[in-house]
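Q: Have a look at this one before I ask anything.
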Amino acid sequence: MTTRSASPAGPAAPRPPDAPDVSALLGDWVNTDQGSSKGALRLNVTWHEKGLFVRAFGTGSPQPRDWGEVSAVVYTAPGTPSVAWSFSAIYNFGALRTVLCAYHKAGILVATTSSIFSDDSEGADHWARSFFHRAEERA
């Protein structure tokens, strides 16, 4: 069994030999626009024995609102099946469903959120794109 090196997200967890390397995705990510009114403000991406997980914090009351941790689907780039470069995760908030998709490029995590209301509530469906940088480690 292969293990990945320790990352800012915590200690190494076993990774199945056929699973892509997810190390570029792992860690605490902060939205470059902290004044954003839609989407996630912070993401925590971790690898557990059962796969990749994302804990998102977004706008709402109280702010930042903890969306919780959900499992994510990992994707590889064409021609590089051994390296993960993106993921998607789904958050269900009752009448609101948010799909979070993100990809890693040049040290930045680019994420989109598509939020869809399933009832006749006053909320309007919306889409947002955000750019995330790694949170600075505190000594």
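The values are calculated or read from the model by the stated rules, or taken from the named source; none is laboratory data. Small disclaimer: the values here were computed from a predicted structure and weren't measured. All Cβ positions, glycine included, derive from the backbone under ideal geometry; neighbour counts span all protein chains shown. When the accessible area is computed, the model is the full protein with side chains, heavy atoms only, and any ligands, DNA or RNA have been set aside. Shrake-Rupley method; radii C 1.70, N 1.55, O 1.52, S 1.80 Å.
Q: Name, by its number, the condition in (1) surrounded by fewer than 17 Cβ atoms within 10 Å (Cβ to Cβ); (2) touching a residue at least 24 places away in the same chain (Cβ under 8 Å) that does not hold for residue 60.
A: (2)
Q: Then there is this: Specify the residue that is modelled with the highest pLDDT; the eligible residues are those in the range 53-100 that are part of a loop (DSSP other than H, G, I, E, B) and closer than 17 Å to residue 128 by Cα.
A: Only one residue fits best here, namely 64.
Q: Okay, next question. How many of the residues making up the range 89-132 are open to solvent by 20 Å² or more (accessible area, probe 1.4 Å) and either of a type in the set (A, V, I, L, M, F, W, C) or under 21 Å from residue 73 (Cα atoms) (or both)?
A: 22
Q: Output yes when any residue across the range 4-20 is outside any loop (DSSP other than H, G, I, E, B), modelled with pLDDT of 85 or more and farther than 20 Å from residue 127 by Cα, and no when none is.
A: No - not one qualifying residue is present in the range 4-20.
Q: Being over 20 Å from residue 36 (Cα atoms) and in contact (Cβ under 8 Å) with a residue 24 or more places away in the chain is the filter here; which residues of the range 105-124 pass it?
A: 107, 119, 121
Q: Right, something else. Can you tell me which condition residue 107 does not meet? The list is (1) at negative phi; (2) touching a strand residue (DSSP E or B) at 6+ places or on another chain (Cβ under 9 Å), and all the others hold.
A: Failing condition for residue 107: (1).
Q: Could you tell me which residue of the range 35-48 is most open to solvent (accessible area, probe 1.4 Å), considering only residues that are in contact with a strand residue (DSSP E or B) (Cβ under 6 Å, 6 or more places away or on another chain) and either without any contact (Cβ under 8 Å) to a residue 12 or more places away in the chain or part of a loop (DSSP other than H, G, I, E, B) (or both)?
A: By that ranking, first place goes to 38.
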